[in-house]
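Colleague: Attaching a single structure in structure tokens format; questions to follow.
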Amino acid sequence: RGNGKAAASPHGVRAFTDGELEELRARIKRSYRLTPADLVAWDCMICFGLRPAELNWLFLSNQENQLTATISHQKKSSKGESGARTVPAIPPTGWADDCEDLLIRWQTHGLPTSVVNHPRSAGEALSQQLDRLQKSKPVQIPLDPELTSYGCRHAFALRLGIDLGLSVRESAELMGHSPQVHLSTYGRRIDQPK
């Protein structure tokens with residue numbers, strides 16, 4: 001009723017697993033339609049937990065030998081507002097700390113104009129890409145059709161809470177929302193037995 005929370009999965013949000021992220025990257029690299037800039041966009045969402053729209057306000061840098069993203073956008077909604085924030089790269093297990101030379105690839109290829117200048121939204125452009133990628137032949141494992149581009153953000157949030165053990169307040173700050181929103185979105189997964 002209302003905002004649809006009653007129908008939410010009892011298992012919590014559907015996030016990409018590390019294996020699914022590797023499969024997604026392999027399919028992007030193999031695609032004849034997608035470019036190295038598209039892979040940069042997906043890798044930024046994976047390593048920094050970005051909302052698709054935040055790609056429009058993204059700046060990458062190396063601060064004190066740590067790959068960092070600065071998102072200069074302020075978001076306001078009925079649930080509150082978030083200001084500009086700086087997020088360190090937190091790559092999936094098995095990735096290099098530099099997120100597979102992400103800063104160099106970002107400087108070389110930039111972000112795809114088809115995504116950041118999409119007539120409706122970056123999220124819609126990425127969803128269209130993901131739909132096509134989910135239908136392509138798997139390299140190793142199938143991609144769940146329920147996964148969305150937000151699944152990268154969800155995977156990042158779970159890395160913060162489960163793998164790194166950050167508090168809800170710290171995780172929420174890096175994600176750009178309030179602790180209440182963070183708990184309501186990720187609480188079911190964070191509170192599960194490890």
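Colleague: Is the shape of region 104-152 rounded, prolate or oblate, going by the alpha carbon gyration tensor and its root eigenvalues a ≥ b ≥ c, with a/c under 1.5 for rounded and a/b larger than b/c for prolate? Before the final figure, lay out each step's value.
Modeller: Details: a/c = 2.40, a/b = 1.45, b/c = 1.66.
Oblate is the answer for region 104-152, as a/c is 1.5 or above yet b/c matches or exceeds a/b.
Colleague: Okay, moving on. Based on the alpha-carbon gyration tensor of region 36-148 and its eigenvalue square roots a ≥ b ≥ c, which shape applies: rounded if a/c is under 1.5, prolate if not and a/b is larger than b/c, or oblate?
Modeller: Values: a/c = 1.62, a/b = 1.15, b/c = 1.42.
Oblate, because a/c is 1.5 or more while a/b does not exceed b/c.
Colleague: Place the peptides 52-62, 93-103 in order of packing, highest mean first, counting for every residue the other Cβ atoms within 10 Å and averaging per peptide. It would help to have the intermediate numbers written out before the result.
Modeller: Working: 52-62: 17.3, 93-103: 15.3.
In descending order of packing, they fall as 52-62, 93-103.
Colleague: With Cα extents along the principal axes in Å in mind, check (1) 74, 50, 35; (2) 42, 38, 36; (3) 52, 44, 33 and report the label derived from this structure.
Modeller: Given (1) 74, 50, 35; (2) 42, 38, 36; (3) 52, 44, 33, the structure-derived one carries the label (2).
Colleague: A follow-up question, please. Looking only at region 153-169, which residues have a backbone nitrogen under 15 Å from a spot 7 Å from the Cα of THR93 in the C-beta direction?
Modeller: Zone members listed by number: 155-156, 158-165.
Colleague: With a 10 Å radius around each residue's Cβ, average the other Cβ atoms per peptide and rank 173-179, 129-135, highest first. Walk me through the numbers on the way to the answer.
Modeller: Numbers: 173-179: 19.1, 129-135: 16.3.
In descending order of packing, they fall as 173-179, 129-135.
Colleague: Using R₀ = 35 Å, calculate the FRET efficiency as 1/(1 + (r/R₀)^6) where r is the Cβ-Cβ separation of LYS137 and THR68; round to 0.05. Each step should come with its number before you reach the end.
Modeller: Values: r = 36 Å, r/R0 = 1.03.
The formula returns an efficiency of 0.45 here.
Colleague: Is it possible to state the helix-based mean residue ellipticity at 222 nm for the chain, with each DSSP H run of 4+ residues giving -39500 (n - 2.57), the sum divided by total residues, to the nearest 500 deg cm²/dmol? What is it?
Modeller: -12500 deg cm²/dmol
Colleague: With r as the distance between the Cβ atoms of SER61 and THR113 and R0 = 22 Å, compute the FRET efficiency 1/(1 + (r/R0)^6) and round to 0.05. Provide the component values of the computation, followed by the final result.
Modeller: On the way: r = 22 Å, r/R0 = 0.99.
Calculated value: 0.50.
Colleague: What accessible area, in Å² to the nearest ten, does a 1.4 Å probe give for THR17?
Modeller: We get 70 Å² for THR17.
Colleague: Under the classification rounded if a/c is under 1.5, otherwise prolate if a/b is larger than b/c and oblate if not, where does region 118-176 fall, given a ≥ b ≥ c as square roots of the Cα gyration tensor eigenvalues?
Modeller: Values: a/c = 4.43, a/b = 1.58, b/c = 2.81.
Taking the square roots of the gyration eigenvalues as a ≥ b ≥ c, region 118-176 is oblate.
Colleague: Run the numbers for ASP101 and GLN128: contour at 0.36 nm per residue of separation, minus the present Cα-Cα distance, in nm.
Modeller: Working: separation 27, 0.36 × 27 = 9.72 nm, distance 2.59 nm.
Extending this stretch completely gives an extra 7.1 nm.
Colleague: To continue, here is another question. Say each of ARG14 and ALA26 gets a label point 7 Å from the Cα, pointing the same way as Cα to Cβ; how far apart are those two points in nm?
Modeller: Here the modelled spin labels are 2.1 nm apart.
The values are calculated or read from the model by the stated rules, or taken from the named source; none is laboratory data. All values reported here derive from a predicted model rather than from experimental measurement. Because the Cβ atoms are built from the backbone with ideal geometry, glycine has one as well, and the counts that use them run over all protein chains shown. Note: areas computed on protein heavy atoms with side chains; ligands, DNA, RNA excluded. Shrake-Rupley method; radii C 1.70, N 1.55, O 1.52, S 1.80 Å.
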